[in-house]
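Engineer: My structure is below; once you've seen it, I'll send some questions.
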Amino acid sequence: MRKLILVTFVIVTNLLSLSAQALRDNVKYNNPEEPKSIGIVLYSNDVETVYNAIRLAAYSQEWDNQVQIFLLGKGVELERLMTESKDIKEKVDEFIELGGVIMGCQTCFKSREIDGTKICKVSCIQDLYDLVKKNQIVLTF
């Protein structure tokens, strides 16, 4: 009886090990050679959070990914933050120079009485929907 239990245990353990190996072999990791489309929803006006989001966007754009940023809520204050933080301004300029796209929520601009923007296209909820639906990766900050 002990031998039967031991043999059963060894067989089950080997089967589980083989199954785990098969799963690992089928995992597809992100290949840096295959660019992705990335959407970033930025709804913060925290300087550190905004800086890191823009830094990631610029870095991703450097690797030939197509990156779009949608400013939502407090995120539409990005242009004001650019006047307060040289680092944010430099990263936003770099991101745009690399071909990155920034859109901003029209309703959010209006609620904050922000009349215009030089860094982004004033957009609507349909543009946010498209960003979420069409991009392979969507991040929020």
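Here, each number is a calculation from the coordinates, and none is a lab measurement. What you are looking at is a predicted structure, and each value in this text was computed from that prediction instead of being measured. Here the Cβ positions follow ideal geometry from the backbone for every residue, glycine too, while neighbour counts run over all protein chains shown.
Engineer: Placing +1 at every Lys and Arg Cβ and -1 at every Asp and Glu Cβ, with all other atoms neutral, what dipole size does region 34-90 have around its Cα centre, in debye to the nearest 20? Provide the component values of the computation, followed by the final result.
Structural biologist: Numbers: 6 positive and 10 negative charges, 25 e Å.
With Lys and Arg at +1 and Asp and Glu at -1, about 120 debye.
Engineer: Also, I was wondering about something else. May I ask you to list the GluC sites (Glu not before Pro) in region 48-136 that are in a DSSP loop and have at most 10 other Cβ atoms within 10 Å of their Cβ?
Structural biologist: Working: sites: GLU48, GLU62, GLU77, GLU79, GLU84, GLU90, GLU94, GLU97, GLU113; in loops: GLU113.
Those satisfying the criteria are GLU113.
Engineer: Could you sort out which of LYS36/LYS121; LYS91/LYS121; LYS86/LYS133 sit more than 26 Å apart by Cα distance in this structure? Each step should come with its number before you reach the end.
Structural biologist: Numbers: LYS36/LYS121 22 Å; LYS91/LYS121 18 Å; LYS86/LYS133 33 Å.
Those over the limit are LYS86/LYS133.
Engineer: Please list, ordered by chain and number, the residues whose modelled amide H lies under 5 Å from the amide H of THR140; skip anything fewer than 5 residues away on the same chain.
Structural biologist: Long-range HN contacts for THR140: VAL41.
Engineer: Kindly provide the chymotrypsin sites (Phe, Trp or Tyr not before Pro) of region 40-74 that DSSP labels as loop, not H, G, I, E or B, and whose Cβ sees at most 15 other Cβ atoms within 10 Å.
Structural biologist: On the way: sites: TYR43, TYR51, TYR59, TRP63, PHE70; in loops: TYR43, TRP63.
Passing sites in region 40-74 are TRP63.
Engineer: Follow-up question, since we're still on this one. Which value, in debye to the nearest 20, describes the size of the charge dipole of region 51-134 about its Cα centre when Lys and Arg Cβ atoms bear +1, Asp and Glu Cβ atoms bear -1, and nothing else is charged? Before the final figure, lay out each step's value.
Structural biologist: On the way: 12 positive and 14 negative charges, 61 e Å.
Roughly 300 debye, rounded to the nearest 20.
Engineer: Taking θ = phi - 60°, what integer Hz values does the Karplus form 6.51 cos²θ - 1.76 cosθ + 1.60 yield along region 41-47, in sequence order, with x for Gly and Pro?
Structural biologist: 9, 10, 10, 10, 10, 6, 4
Engineer: A further question follows. Which Cα, out of CYS120, VAL50, GLN106, lies furthest along the positive dipole direction of region 37-140 (beta carbon charges, K/R +1, D/E -1)?
Structural biologist: About the Cα centre, the residue reaching furthest to the positive side is GLN106.
Engineer: Oh, and also: Just the ratio, please: alpha-carbon radius of gyration of region 37-140 over 2.2 N^0.38 Å, N its number of residues. Before the final figure, lay out the partial values.
Structural biologist: Values: Rg = 12.4 Å, N = 104, 2.2 N^0.38 = 12.8 Å.
The value comes to 0.96.
Engineer: Within region 48-141, list the trypsin sites (Lys or Arg not before Pro) lying in a DSSP loop whose Cβ has at most 15 other Cβ atoms in a 10 Å radius. Could you put the intermediate results ahead of the total?
Structural biologist: On the way: sites: ARG55, LYS74, ARG80, LYS86, LYS89, LYS91, LYS110, ARG112, LYS118, LYS121, LYS133, LYS134; in loops: ARG112, LYS118.
Passing sites in region 48-141 are ARG112, LYS118.
Engineer: Does region 28-97 come out rounded, prolate or oblate by the C-alpha gyration tensor, with a ≥ b ≥ c the root eigenvalues, rounded set by a/c under 1.5 and, if not, prolate when a/b is larger than b/c and oblate if not? Don't skip to the end; give the middle numbers.
Structural biologist: Numbers: a/c = 2.58, a/b = 1.84, b/c = 1.40.
Here region 28-97 falls in the prolate category.
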